[in-house]
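Have a look at the structure below, then the notes.
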Amino acid sequence: MGILEIHNLSKDYSGTVVLNDFSLDVVELTLCCLLGPNGAGKTTTMDMITGRQKPSSGRILLNDNDITGLDEHEIARRGIGRKFQVPAVFKDLTVRQNLEVAYSRQTSPFKNMFRFRDPGMERKLDEVATQVGLTQRLAIEAGTLSHGETQWLEIGMVLMQDPQILLMDEPAAGMTEQEIDKTSRMFNELKKTKTLVVVEHDMAFVREIADVVTVMHMGAHLATGSIDQIEANARVREVYLGSEEH
Amino acid sequence: MFKSNPYHNKTAQWVVYVLFFGALAFVPVLSDDAFMMNQFATYGVFGMLALSISLCWGFGGILNLGQGIAFGLGAYGMAMTMQMQSQDPETSPMPPFMLNNSVEQLPLMWEPFWHTGWGIFIALAVPTLFCVIFGTIMFRARVSGPFFAIMSLAMLSAWYTIILDSQPFTNGVNGISPPAPLSIGGFEIDPYSGFIYWMVLFLLAAMTLIIKLITTSKFGLIVQAVRADSERVRFLGYSVSYYETVIYAVSGFIAAIAGCCWVVAVQYVSPAQLDVSFSISMVIWAGIGGRMSLLGSIIGAFMIQGGQSYLGDEFLATWLLILGGFFIFVVRFLPKGLAGLLESGLGLLVAKPAAERESAPGPVAGAKVQG
């Protein structure tokens, strides 16, 4: 059984179906890539898992607990971290402050009023900054980072949360080839201790990192398998890979 | 020349705050004019209100046009407490205005005010509780920005009308004027003395320094993040509505303390304290002084109210025009108020790193610390 299970998830906006009976099992300590053409429902699925949107029907289980329809912060506290498609960092805050905010063991406003120094946080921050390669950039404002660095910062913020499951929406988008290499090394390291779900379009990157690939099409499940199986799948080639070739 | 903007230097900020309040503490030594002490104490009350707006709007990003609710409720609570100090359970159990309104016995909601301690507790607890309830309802529903401002304004008008129309309990438009100063444990607080000034100044200074300290905590950092992108903060595991409610309620608590001090100083409260224009004034003080700076907002309140007292007499009818024009000027040209002007002024003194001066603009050197 998977650590994260999605059962028969559906979503429609007054008749327009965006997700249609979609199911997915994510196995612990694997990296699962979600593929699909634009509008396939990948980001919508992430929105449902993290509570940003409520499904019309279906259930989402985390460690066998139903988390369907909980608020965003409750789902985050249960151990699901998310990196957004458009990197969402706090541009006016420094890189260090971005990472500090993301360290959310203590969420009570009153207890946080008396929190000025936190050795546990400092240790974690050093560790994460090294992991995402931003140790030299801690003091600068996040708004001045390059696009690739902003992606890493947001990945770092997710790591500061120390979640069980990391949802990464297009983490390599807009990165140079060297940056993509560095990111895939980072992810291969991460999946030793974390479970990851990654939405990505860059097939070379997917081949580097994916343990299992699930393809979505028109809001529904199309195929699941290893990258080689997916690339050999005739239906997938038809709707997705095929359309890219011409 | 400085390495980084001294405006953002934490130590310098604390020194300025302490010096500012330290200097103000000496005012009664220079003058013992009783009328001035009383007037300056009311400025201190306005300073508290500006502080509360700065916390809520400048720091928390919640534009609150209804701060008069917490101020007014606190003021009424204190006025009721002081009124009951002049009543006697045997000989005159009811305030005179109730007799004029042919009320036959003391209304139940007035009973707790026989006891001064309970009275002051209620004067502070009711406005704070109101903020907790109203804030929870609004922020849970993710009402924010101009929509929250409109709701707070509507709520203010509702409270104004309730108090105005409850003539038998509140004396309506005439308000409550307790006949004697507040006395606590046998000690009478003379509203025309250096003591009232020091009391208000002490409370203002203590609250300002505590709020300043809180803004540097982890809580302060999270609130900054909420102000920047509340949507993102939710996914980090923080309940945004909880944080917003706490900010709004702490701000209301400060306004309630201001309301209590106001009545101790002027021995009077009426629905005018819940007038829309007064709540808007508080926002203007903070806007002109600089809402992002606690001290800037307080100085804004001193300037505008001082100006109104001294220049207002000279210009009479044109004073409001001058104030309005000044506000438009600040909003247009100094969005961070006078404190922001100081910030950019001090920024000019910062020595540019040599590398940056010589070559084309590269990565920004020198960390900017949030002030």
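Restricting to segment A:11-35, count the residues that are open to solvent by 10 Å² or more (accessible area, probe 1.4 Å) and touching an Asp or Glu at 6+ places or on another chain (Cβ under 6 Å).
First, the residues of segment A:11-35 that are open to solvent by 10 Å² or more (accessible area, probe 1.4 Å): A:11-18, A:20-21, A:23-25, A:27-30.
Among the residues that remain, those that are also touching an Asp or Glu at 6+ places or on another chain (Cβ under 6 Å) are: A:25, A:30.
Going through segment A:11-35 one residue at a time, the tally reaches 2.
Take segment A:136-155 and flag every residue that is in a helix (DSSP H, G or I) and among the polar types (S, T, N, Q).
Across segment A:136-155, the qualifying residues are A:Gln136, A:Thr144, A:Thr150, A:Gln151.
Could you tell me which residue of segment B:319-347 is modelled with the lowest pLDDT, considering only residues that are open to solvent by 60 Å² or more (accessible area, probe 1.4 Å) and farther than 17 Å from B:Gly307 by Cβ?
By that ranking, first place goes to B:Val331.
Taking A:Arg82 and the conditions (1) open to solvent by less than 20 Å² (accessible area, probe 1.4 Å); (2) more than 10 Å from every other protein chain (Cβ to nearest Cβ), which numbered condition does it fall short on, given that it satisfies the others?
Here A:Arg82 clears every test but (2).
Show me the helices (runs of 4 or more DSSP H) entirely contained within segment B:261-359 in which 1 or more residues are under 27 Å from B:Gly220 (Cα atoms) and among the aliphatic types (A, V, I, L, M).
B:276-289, B:294-315, B:319-333, B:337-347
Please count how many residues of segment B:137-189 are open to solvent by less than 80 Å² (accessible area, probe 1.4 Å) and aromatic (Phe, Trp, Tyr).
So the count comes out to 4.
With respect to B:Phe134, is the statement that it is buried (at least 18 other Cβ atoms within 10 Å of the Cβ) and not charged (D, E, K, R) true?
So B:Phe134 passes the test.
Looking only at segment B:30-50, which residues are loosely packed, with under 14 Cβ neighbours inside 10 Å and touching a residue at least 12 places away in the same chain (Cβ under 8 Å)?
Correct list: B:Asp32, B:Phe35.
Could you tell me which residue of segment A:54-69 is farthest from A:Ala220 (Cα to Cα), considering only residues that are in contact with a strand residue (DSSP E or B) (Cβ under 7 Å, 6 or more places away or on another chain) and open to solvent by 10 Å² or more (accessible area, probe 1.4 Å)?
A:Asp66
Please report, ordered by residue number, the helices (runs of 4 or more DSSP H) entirely within segment A:87-135 with at least 1 residues that are surrounded by fewer than 18 Cβ atoms within 10 Å (Cβ to Cβ) and of a type in the set (Val, Ile, Thr).
Those helices (runs of 4 or more DSSP H) span A:119-131.
Is there a residue in segment B:18-29 that is of a type outside the set (A, V, I, L, M), open to solvent by 20 Å² or more (accessible area, probe 1.4 Å) and under 22 Å from B:Gly175 (Cα atoms)?
No: zero hits.
How many residues are more than 7 Å from every other protein chain (Cβ to nearest Cβ), of a type in the set (A, V, I, L, M) and either touching a Ser or Thr at 6+ places or on another chain (Cβ under 8 Å) or open to solvent by 10 Å² or more (accessible area, probe 1.4 Å) (or both) when one looks only at segment B:224-261?
Taking segment B:224-261 as the starting set, the residues that turn out to be more than 7 Å from every other protein chain (Cβ to nearest Cβ) are B:226-227, B:230-231, B:233, B:240-241, B:244-245, B:247-261.
From what is left, the residues that are of a type in the set (A, V, I, L, M) are B:226, B:233, B:240, B:247, B:249-250, B:254-258.
Still in the list and also either touching a Ser or Thr at 6+ places or on another chain (Cβ under 8 Å) or open to solvent by 10 Å² or more (accessible area, probe 1.4 Å) (or both): B:226, B:240, B:249-250, B:254-258.
Of the residues in that region, 9 qualify.
Going through segment A:118-154 one residue at a time, which ones are of a type in the set (Asp, Glu) and within 15 Å of A:Ala88 (Cβ to Cβ)?
Step one: of segment A:118-154, the residues of a type in the set (Asp, Glu) are A:118, A:122, A:126-127, A:141, A:149, A:154.
Correct list: A:Glu149, A:Glu154.
A:Arg96: touching a residue at least 24 places away in the same chain (Cβ under 8 Å), more than 8 Å from every other protein chain (Cβ to nearest Cβ), of a type in the set (Lys, Arg) and over 30 Å from A:Gly148 (Cα atoms), yes or no?
No, not satisfied.
Can you name the condition, by its number, that B:Ser166 falls short on among (1) within 22 Å of B:Met84 (Cα to Cα); (2) touching a residue at least 24 places away in the same chain (Cβ under 8 Å)?
(2)
Can you tell me which residue within segment B:52-75, out of those that are open to solvent by 10 Å² or more (accessible area, probe 1.4 Å) and among the aromatic types (Phe, Trp, Tyr), is farthest from B:Arg142 (Cα to Cα)?
B:Phe59
Do you know which residues across segment B:168-188 are over 17 Å from B:Met109 (Cα atoms) and part of a helix (DSSP H, G or I)?
B:Val173, B:Asn174
What do you reckon, is A:Thr68 assigned to a loop (DSSP other than H, G, I, E, B) and within 7 Å of chain B (Cβ to nearest Cβ)?
The answer is no for A:Thr68.
Would you check which residues across segment B:23-40 are within 17 Å of B:Ala206 (Cβ to Cβ) and over 20 Å from the mean Cα position of the chain (by Cα) and list them?
Correct list: B:Ala23 only.
Consider A:Arg105 against the criteria (1) within 11 Å of chain B (Cβ to nearest Cβ); (2) modelled with pLDDT of 95 or more: it satisfies all of them except one. Which criterion is unmet?
The one condition A:Arg105 does not meet is (2).
Quick check on segment B:210-223: of everything there that is of a type in the set (Val, Ile, Thr), in a helix (DSSP H, G or I) and at the interface with chain A (Cβ under 8 Å from one of its Cβ atoms), which residue is least open to solvent (accessible area, probe 1.4 Å)?
Here the answer is B:Ile222.
When the residues of segment A:119-157 are narrowed to those that are touching a residue at least 60 places away in the same chain (Cβ under 8 Å) and not charged (D, E, K, R), which ends up farthest from A:Lys182 (Cα to Cα)?
Restricting to residues being touching a residue at least 60 places away in the same chain (Cβ under 8 Å) and not charged (D, E, K, R), the top hit is A:Met157.
Determine whether segment A:151-160 contains at least one residue that is within 12 Å of another protein chain (Cβ to nearest Cβ) and surrounded by fewer than 22 Cβ atoms within 10 Å (Cβ to Cβ).
There is no residue in segment A:151-160 that is within 12 Å of another protein chain (Cβ to nearest Cβ) and surrounded by fewer than 22 Cβ atoms within 10 Å (Cβ to Cβ).
The values are calculated or read from the model by the stated rules, or taken from the named source; none is laboratory data. From a predicted model like this one, the values you see are computed outputs, not experimental measurements. Cβ: placed from backbone, ideal geometry, glycine included. Neighbour counts: every protein chain shown. SASA here: full protein model, heavy atoms, side chains in, ligands and nucleic acids out. Shrake-Rupley method; radii C 1.70, N 1.55, O 1.52, S 1.80 Å.
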